[in-house]
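FYI, it's all coordinate maths here, none of it is from the lab. A quick note: this is a predicted structure, and the numbers were derived from the prediction, not measured. In this analysis, Cβ positions are derived from the backbone assuming ideal geometry, glycine residues included, and neighbour counts consider all displayed protein chains.
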Amino acid sequence: MSLVQRGRWVTLVGLALLAGVYVRALVFTPVELHQGPAQKIFYVHVPAAWSAMLAMGLVGVASILYLLVKDARYDRFAAASAEVGTAFSLVMLTTGPIWAKPIWGTWWTWDARLTLTLFLFFLFLGYLLLRGAVTDVGLRARYSAVLGICGLVLLPFIHLSVYLFRTLHPMPIVLKPSAPSLPGVMLATLLFSVGVFTLLYVGFVMQRYGIGDRGEGGGTHA
Amino acid sequence: MADLFRHAWAIARKDLVLEFRTRTAIMSAAVFTALVLVVFNFGRDPTAIPTLTIAPSILWVTFSFAGMLALNRAFQLELENSALDGLLLAPISRFSLYLGKLAANLVFVATVETIGLLLFALFFDVPLQRIVGPLVGVIALATVGFIAVGTLFSAMVIRTRFAELMLPVLLLPFLIPPLVWAVQATGQLFAARPLSEVAGALKLLAAYDIVFVTLATLLFPATVDQ
Amino acid sequence: MPETVPPNGAYMVAAYTIAAVILLFYTITLWRRGRTPRS
């Protein structure tokens, strides 16, 4: 069985378990009294954010390894991880505002974490655009590795900049999403969901890695 | 180590001599900066928004555009004349090449920023005399971080399709932290806040500069070597 | 359920739907790309 095929099975199991997450979150997890049902968006939003961050972290690690040993497999993995990360970022960026509207009263605020996720998405897009704009395979690998490393180093700075900026200029009435100590049932649902999203990440990356260059419209070897 | 900086200086000098002999790029960048400032003047309602409120934004958006424009030029000339291949064959380290390019870009951008700052003070009637020292410090620290990453990226994008578009797309996220701190510090300076309030932003800018100048120097060889 | 719970279930449904649609769409995309051989 090829890697792509095994990836498909992992993805299918992941999707089946995702249905399980939905059922568990909707039926077996209590409604939070202050936030109402919208609080349950949390169970898909946070795991999606986790997968996106994981993807970016692994893009960075694979980029460093690529520049150290120049093994094309690391580049291929970084490309796969970046694309999958983009998909998870999209889930994170769409579910986030849908949660923020009923809870914070606005679709979007320039809160530190929101801004960070937005730039995570921009970095993924820039990374994929750069890959699309370079035809030479070796050049593409080196360029994207450089960008991957820089992107990973940039993220803490963006978080720091917005965080300090906003604490110096406080927003009018935005409820801070302080980490609440979750009751056991909710925590279990969240952890289950994080596990499922990680599995989906693995399945997607296996497929995308197996597809390889075909996903980027080939390339020329110089 | 001495060679490193000597060679870097040689590279920077070569670029700058070429630049100031023709003066086309620097003039274009200066005129562009002036035009952006003029656009900003008409892009606001002076009766509704006091100048001082948006002055930091005007200054920094102008500088961002000017810097971006300057970076596109950095490796263009080398590539057009296939001079980059010659430079790479020369017995100088890649680190020298990067630092030289960075220095040349910084001098170029600093020149444009000086012109921009004077025009800015003139057009928007911002009293600069009191704060010119700290303001130059803020501008210098923010520019170094931004141009360090920009020099690295401009070496990559020249060999991509849509280079002029690719550079801003890749670089703008890296502009955010310096921009945030610089705008904040500039605003505090314009509002005549005590200097101690600006110190925090200056430290963060310096940290960003150290991290990205180091990182870009280390990564640069990967963008030019085969 | 107490009456104080805000009636915002529609947002939850929307978010869950969008998340599922994105993930399913990406699965299908990968499936198709993995199946078609390189021409």
Open item on the list: As I understand it, the value is the acute angle between the Cα axis of helix A:3-23 and the longest principal axis of the Cα atoms of chain A; what does it come to in degrees, rounded to 10?
Closed with: 0
- [ ] With θ set to phi - 60°, apply the Karplus curve 6.51 cos²θ - 1.76 cosθ + 1.60 along the stretch B:183-189 and write out the HN-Hα couplings as whole Hz, x wherever there is a Gly or Pro.
- [x] 4, 4, 5, 4, x, 5, 5
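Relative contact order, percent, of chain B when contacts are C-alpha pairs under 8 Å separated by at least 6 residues? Provide the component values of the computation, followed by the final result.
Details: 218 pairs, mean separation 63.1, N = 226.
Reported relative contact order: 28 percent.
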Task: chain B: angle of helix B:51-74 to the longest principal axis, Cα-based, in degrees nearest 10 - done: 10
Open item on the list: Between helix A:112-133 and chain A, what is the angle of the helix's C-alpha long axis to the longest principal axis, kept within 0 to 90° and rounded to the nearest 10?
Closed with: 20
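Using alpha carbons only, what's the Rg to Rh ratio of chain A with Rh from Kirkwood?
Working: Rg = 19.0 Å, Rh = 18.8 Å.
That ratio equals 1.01.
Restricting to Cα pairs below 8 Å that are 6+ residues apart, what does the relative contact order work out to for the stretch B:156-226? Please round to a whole percent.
Values: 23 pairs, mean separation 19.9, N = 71.
Result for the stretch B:156-226 is 28 percent.
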Open item on the list: For chain B, place one equal point scatterer on every Cα, skip the solvent, and apply the Debye formula. What is log10 of I(q)/I(0) at q = 0.09, 0.10 Å⁻¹?
Closed with: -0.38, -0.47
Open item on the list: Can you give the FRET efficiency to the nearest 0.05 for residue B:49 and residue B:2, using r as the Cβ-Cβ distance and R₀ = 60 Å?
Closed with: 0.70
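Which residues make up the longest stretch of chain B clear of trypsin sites (Lys or Arg not before Pro) that lie in a DSSP loop with no more than 16 other Cβ atoms within 10 Å, not counting the sites? If you can, show how the numbers build up before the last one.
Numbers: sites that count: B:23, B:44, B:161.
It runs B:45-160.
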TODO: Scan chain A and report its longest stretch carrying no chymotrypsin sites (Phe, Trp or Tyr not before Pro) that are both in a DSSP loop and have at most 15 other Cβ atoms within 10 Å.
DONE: A:111-222
TODO: Under 17 Å Cα to Cα from residue B:101, which lysines show up? Leave out anything in the same chain fewer than 8 places away.
DONE: B:14
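How large is the Kirkwood hydrodynamic radius of the protein assembly as shown, counting all unique pairs of alpha carbons, in Å?
Details: mean 1/r = 0.0404 Å⁻¹.
Final number for the Kirkwood radius of the protein assembly as shown is 24.7 Å.
Given a Förster radius of 51 Å and the C-beta distance between residue A:19 and residue B:211 as r, what FRET efficiency does 1/(1 + (r/R0)^6) yield to the nearest 0.05?
Once rounded, the FRET efficiency stands at 0.70.
Equivalent ellipsoid semi-axes for the stretch A:55-162, as square roots of 5 times the alpha carbon gyration tensor eigenvalues: give them largest first, rounded to whole Å.
Numbers: eigenvalues 177, 36, 21 Å².
For the stretch A:55-162, the semi-axes come out at 30, 13, 10 Å.
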- [ ] State, as an integer percentage, the relative contact order of chain A based on alpha-carbon contacts under 8 Å between residues 6 or more apart.
- [x] 39
TODO: List, in order, the whole-Hz ³J(HN,Hα) value for each residue of the stretch B:15-30 obtained from phi through the Karplus relation with A = 6.51, B = -1.76, C = 1.60 and θ = phi - 60°; use x for Gly and Pro.
DONE: 4, 6, 4, 4, 5, 7, 6, 8, 6, 5, 5, 5, 5, 4, 5, 5
